[in-house]
Amino acid sequence: MDTVKPKKNPFSLQLDPELFKPASDEEKAQVVTQRESVSFMRDAMRRLVHNRMAMVCLVILVVITLIAIIVPMIYPYTYTQQDVTAKYLRPFQYSAKEQARIAAGQKVFPHIMGTDNLGRDYAIRVIYGTRISLMVGFISALIVVIIGILYGAISGYFGGRVDLIMMRIVDIIYSLPDVLIVILLSVAIKDFISTSKNDLIVRLGAGMISIFIVFGLLYWVGMARQVRGQILSIKEQEYVMASKAAGASAMYIIFKHMIPNCISVIIITAAMQIPSAIFTESFLSFVGMGVSIPMPSLGSLASDARSGLTSYPYMLLFPALTIFLIVLSFNLLGNGLRDAFDPKLRS
Amino acid sequence: MNEPVLVEVKNLKRYFPVNTGFLRTTPLKAVDDVSFTIGRGETLGLVGESGCGKSTVGRTILHLYKPTAGEVIFDGKTVGPGTIKEFRRRAQIVFQDPYSSLNPRLTVADIVGEPLDVNKLCKTRKERTERVRELLATVGISSEQMTRYAHEFSGGQRQRIGIARALASRPEFIVCDEPVSALDVSIQAQVVNMFEDLQSQFGLSYLFIAHDLSVVKHISSRIAVMYLGHIVEIAGANELYRHAVHPYTVSLLSAVPVPDPERARASHRIVLEGDVPSPLHMPSGCPFRTRCSRATAKCAESCPQLEEVAPGHMAACLEL
């Protein structure tokens, strides 16, 4: 029998079998190589790294945080150090006394942002203010995460009457005005704070302490609601029932199955919580309810700068710009996290 | 029944409170007074249309839902606060949906190992890995895939992982809650055969819940038919298919497609009229009377109880 040779027609599908040769073992091994197993967390992180805006914000925040931590340790001026001969210096301007020292051959560190009405170096005051603001942001986020998750998880998991009562408490707390409570609380604890032996507490002052207490008391409700909602939907999943059928306790189910599946909501809510706490702190300091002098805060610096606004506009610019950068970066990073953890929500 | 009884369900009831107005709830009788037994190594099929309470029966037996009334006797002991821990180890469940039944954040090894961790069945890390590997091999999943996440598997593989998890604590009784309904037909056969192999290998007893009558007939030794929270007929699988007496069972069986057009043309399909009544407003007397062709005035008065019509064959109908 003579075999039919493939036609030389370019449209013919009759292929010449001699063009094919079996794959070598090496080539086969390449095809068999399996895709690397990817966990949810790694997948989300990969998406986040590809989000340029979020990464820029993350870098800005890391830089600001590092400056706030490291610079006060090595900086030649402190935030309380006054020099009446160096009042209201412009950025990089030297006072008469300092110029004399430079002439004498001594090295004088420049006032990068000038000095304020008492001759204090403004740059270190802004950096200290940033420190306070970031501290407020991170501590409030920490409080919110711990209380909010536990409260929300317990309320959602046990449901029924427990849920009803716990959520009504949340509703009540939600309706309390935070600024009013900060004012009342700071008045109430003023005496106690001023006689305290702990140096840090005295330096922070009644206003700041009450801000922390109020964040601890009031700000977790948003997180608790979010987590509860998430838990309610996870509770219906069959893997929770399977775990129950295997004899797992409520705490095991909450920590092993429920909270890990809420992690995206938790991270997003916490990231959104930080700028709102920083903003509240700045606002309260601006109206005089925050840190006590001489401790600076971005809000109180902005407030002090108001009086000399026409002559020294840069004194408002620096703290305002810092607040702007921090809050904007946190918000954009929060958006990036949401997109990374919940790609379905992206519009 | 020749086998010794492993699970006995006595007058089991499960009502769900449903809000029907301001501060008012009406009980939804998902399972109303159900009794049956399952022998050691036996498979009891449970069939019925959607929403008749099949899954609720399975979950209430395992005390995943708290029974409103009635009791479950497992191996001679009533399941209660004192015996629940032991019961949880010896009775397991396989779910319908292979997607929602595996936690997406855990690796396969952790999913299958969960009953081992919870019941502290393995002393060392190595022993646990070994046991998980063995379980995965039992259901035909290679141990290289242990560190993968559930979403990396197909539906049939996921269902097999769910089965491996159910087997982990060496149970004697498994509730199979429509384990093959979400799978396509070729995979269904595979999984059903696996259930049979596991049964002969480990001497398992099943409560096999399904709505596919041909699958149930294939795997079950006895079959119970449910309608609106009640068991209307219970008999050996062959007996039920040949001599069904309850009008609901008869109509249900007539709806099974016959793979032979000659016979299919000859057979007479009984089409039920109307819809299933809402379980919130159950009809008085026999629950099936609103759709039954044989219903009389008597049926509205009292609810029929299961009565023996032949040895091992019980039906609940007043018109027999």
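Observations on the structure shown:
- Any hit, the range B:186-193, residues being assigned to a helix (DSSP H, G or I), touching a residue at least 60 places away in the same chain (Cβ under 8 Å), of a type outside the set (A, V, I, L, M) and surrounded by 14 or more Cβ atoms within 10 Å (Cβ to Cβ): no
- Residue in the range B:108-127 that is farthest from the other protein chains (Cβ to nearest Cβ), counting only those that are of a type in the set (D, E, K, R) and without any contact (Cβ under 8 Å) to a residue 24 or more places away in the chain: B:LYS126
- The conditions of being farther than 23 Å from B:VAL215 by Cβ, in contact (Cβ under 8 Å) with a residue 24 or more places away in the chain and not in a strand (DSSP E or B) are met by B:LEU64.
- Taking helices (runs of 4 or more DSSP H) as the structural unit, those lying wholly within the range B:217-266 and holding at least 1 residues that are more than 21 Å from the chain's Cα centre (by Cα) and free of Cβ contacts under 8 Å to residues at least 12 places away in the same chain correspond to B:237-242, B:261-266.
- For the condition over 24 Å from A:ALA246 (Cβ atoms), aromatic (Phe, Trp, Tyr) and in contact (Cβ under 8 Å) with a residue 24 or more places away in the chain, B:PHE36 qualifies.
- All positions within the range A:239-255 that are of a type in the set (A, V, I, L, M) and over 20 Å from B:LEU167 (Cβ atoms): A:ALA250, A:MET251, A:ILE253, A:ILE254
- Test result for A:MET135, assigned to a helix (DSSP H, G or I), touching a Ser or Thr at 6+ places or on another chain (Cβ under 6 Å), more than 14 Å from chain B (Cβ to nearest Cβ) and of a type in the set (A, V, I, L, M): no
- Of the residues examined, B:GLU130 is not one that is more than 21 Å from A:GLY247 (Cβ to Cβ), within 9 Å of chain A (Cβ to nearest Cβ) and of a type in the set (D, E, K, R).
- In the set A:VAL221, A:VAL240, only one residue is part of a helix (DSSP H, G or I), within 12 Å of chain B (Cβ to nearest Cβ) and touching a residue at least 12 places away in the same chain (Cβ under 8 Å); that residue is A:VAL240.
- When A:PRO76 is tested against (1) modelled with pLDDT under 80; (2) more than 14 Å from chain B (Cβ to nearest Cβ); (3) loosely packed, with under 14 Cβ neighbours inside 10 Å; (4) not in a helix (DSSP H, G or I), only condition (1) is not met.
- The number of residues in the range B:4-26 that are within 28 Å of B:VAL175 (Cβ to Cβ) and aromatic (Phe, Trp, Tyr) comes to 2.
- Against the test of being surrounded by fewer than 11 Cβ atoms within 10 Å (Cβ to Cβ), over 30 Å from B:PHE16 (Cβ atoms) and modelled with pLDDT of 80 or more, the options B:ARG242, B:ARG265 yield a single qualifying residue, B:ARG242.
- Scan the range A:245-264 for residues that are free of Cβ contacts under 8 Å to residues at least 40 places away in the same chain and more than 7 Å from chain B (Cβ to nearest Cβ) and the total you get is 4.
- Checked against the criterion of being within 27 Å of A:SER210 (Cα to Cα), part of a loop (DSSP other than H, G, I, E, B) and more than 12 Å from chain B (Cβ to nearest Cβ), the candidates A:ILE293, A:ILE278 yield just one match: A:ILE293.
- Residues that are surrounded by fewer than 17 Cβ atoms within 10 Å (Cβ to Cβ), in contact (Cβ under 8 Å) with a residue 40 or more places away in the chain, under 27 Å from the mean Cα position of the chain (by Cα) and not in a loop (DSSP other than H, G, I, E, B), drawn from the range A:147-182: A:ILE173, A:TYR174, A:ASP178, A:VAL179
- Of all residues making up the range B:158-185, the number that are within 14 Å of chain A (Cβ to nearest Cβ) and in a helix (DSSP H, G or I): 9
- Total residues in the range B:65-107, condition at the interface with chain A (Cβ under 10 Å from one of its Cβ atoms), among the aliphatic types (A, V, I, L, M) and surrounded by 18 or more Cβ atoms within 10 Å (Cβ to Cβ): 5
- Selection within the range B:72-87 - of a type outside the set (A, V, I, L, M) and in contact (Cβ under 8 Å) with a residue 40 or more places away in the chain: B:PHE74, B:ASP75
- Hey, A:ILE213 touching a residue at least 24 places away in the same chain (Cβ under 8 Å) and either within 11 Å of chain B (Cβ to nearest Cβ) or surrounded by fewer than 17 Cβ atoms within 10 Å (Cβ to Cβ) (or both) or not: yes
The values are calculated or read from the model by the stated rules, or taken from the named source; none is laboratory data. The structure displayed is predicted, hence computed values, not measured ones. Every residue, glycine among them, receives a Cβ derived from its backbone with ideal geometry; neighbour counts consider all protein chains shown.
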